[in-house]
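**Student:** Pasting a structure below so you can have a look.
Rule-based calculations on the coordinates, nothing more; no lab input. Predicted model, so just to flag it, every value in this text is computed and none were measured. FYI the Cβ positions are ideal-geometry reconstructions off the backbone, even for glycines, and counts take in every protein chain you see.
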Amino acid sequence: MGCQAGERPPQNLYQSESLTIRQVTEKTYLHVSYLDFNSSKVDCNGLIFIDNGEAVVFDTPTTNEVSRELIEWIESQQESKIKAVVVNHFHADALGGLDAFHQRGIVSIASAKGLVLAEAEGVTVPMIGFEKANVIQVGKGEVMNHYFGSGHTQDNIASYIASENLIYGGCMIKALGAGKGNLADADTMQWATTIKRIKETYPGVQTVVPGHGDPGGVELLDYTIEMFNPSN
């Protein structure tokens, strides 16, 4: 379980001006890159899952240059082959560096809605789309990607890593103390219901990783549900 109250502070395994990598659980690593937004620098999370020499990346760094930096770290420092990159939603903080993965022949996966929205936005379109669920075998482990409904965007998904009992929810999940963030493409009336579905599907989840801010536990799901409760 990673980054919860009372645990040891996270250690940075890699640090540059554009990219930070630190361990979250035994087989997962948080990658943090940066996006310029309204004259400020926003920290953007992604995740890496490595098992038996194979890796899956969840959300790209914000640029192709930083994505190449991340790919190099996984391949050289972790001696692992990247099997796929999973795109949480169609915004730049989730797929801004997707071309770098495609140039290396790495398959990209997103919800079917994400492919449509990316194409309409004029950004790089993920290769494979799924309607409700997608499963990726990674080494001896497994990643389950699900579309539970709209929230931060119409296409946002949640990814569950069974061996780590971890959910990566991207910008659909809010870190404790965070505000509502970018609502330009949000469905604020459906958001809480979508998070409730995630919580019901994975009742024993231990680690939850948001799109921005610190990972935690199920309290991040509860915080997000309360924030977007239509009765509030």
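**Student:** Which length gain, in nm to one decimal place, applies between SER76 and LYS180 when the Cα-Cα distance is subtracted from 0.36 nm times their residue separation?
**Tutor:** Extra length from SER76 to LYS180 when fully extended: 33.7 nm.
**Student:** Add +1 for every Lys or Arg and -1 for every Asp or Glu among the other residues with Cβ under 12 Å from the Cβ of PRO203, and state the total.
**Tutor:** That sum, taken over residues with Cβ under 12 Å, equals +2.
**Student:** Dipole of the stretch 36-149, Cα-centred, from +1 at each Lys and Arg C-beta and -1 at each Asp and Glu C-beta, to the nearest 20 debye?
**Tutor:** 300
**Student:** May I ask you to compute the full-extension gain from GLU142 to HIS102, defined as 0.36 nm times their residue separation minus their alpha-carbon distance, rounded to one decimal in nm?
**Tutor:** 12.2 nm
**Student:** Also: Tell me the relative contact order for the stretch 12-227 as a rounded percent, counting alpha carbon contacts under 8 Å between residues six or more apart.
**Tutor:** Relative contact order comes out at 14 percent.
**Student:** About the Cα centre, and with charges only on the beta carbon of Lys, Arg (+1) and Asp, Glu (-1), how big is the dipole of the chain? Nearest 20 debye, please.
**Tutor:** 380
**Student:** Would you mind estimating how fast the stretch 12-227 diffuses translationally, via Stokes-Einstein at 4 °C and 1.567 mPa s with the Kirkwood radius over Cα pairs, in µm²/s?
**Tutor:** The estimated diffusion coefficient comes to 77 µm²/s.
**Student:** Mind ordering 39-46, 147-154 by average Cβ neighbours within 10 Å, highest first?
**Tutor:** Sorting 39-46, 147-154 by mean packing, highest first, produces 147-154, 39-46.
**Student:** Charges on Cβ only, +1 for Lys and Arg, -1 for Asp and Glu, centred on the Cα centroid of the chain; of GLY46, ALA175, ALA133, which one is farthest towards the dipole's positive end?
**Tutor:** ALA133
**Student:** Further, regarding this structure: For ARG197 and VAL123, what is the calculated FRET efficiency with R₀ set at 25 Å and r taken between the beta-carbons, to the nearest 0.05?
**Tutor:** 0.40
**Student:** Rank the residues ILE167, ILE50 as a footprinting-exposure proxy: fewest other Cβ atoms within 10 Å of their Cβ go first.
**Tutor:** Ranked by crowding around the Cβ, least crowded first: ILE50, ILE167.
**Student:** Further, regarding this structure: Would you mind ranking VAL143, VAL125 so that the residue whose beta carbon has the fewest other beta carbons within 10 Å leads the list?
**Tutor:** In order of increasing Cβ crowding within 10 Å: VAL125, VAL143.
**Student:** Output the pairs from LYS27/LYS113; LYS140/LYS174; LYS41/LYS174; LYS174/LYS199; LYS113/LYS174; LYS132/LYS199 with a Cα-Cα distance over 20 Å in this structure; if there are none, say none.
**Tutor:** Over 20 Å apart, Cα to Cα: LYS27/LYS113; LYS140/LYS174; LYS113/LYS174.
**Student:** Dipole size in debye (nearest 20) for the stretch 163-205 around its Cα centre, Lys and Arg Cβ +1, Asp and Glu Cβ -1?
**Tutor:** Using only the charged Cβ atoms, the result is roughly 140 debye.
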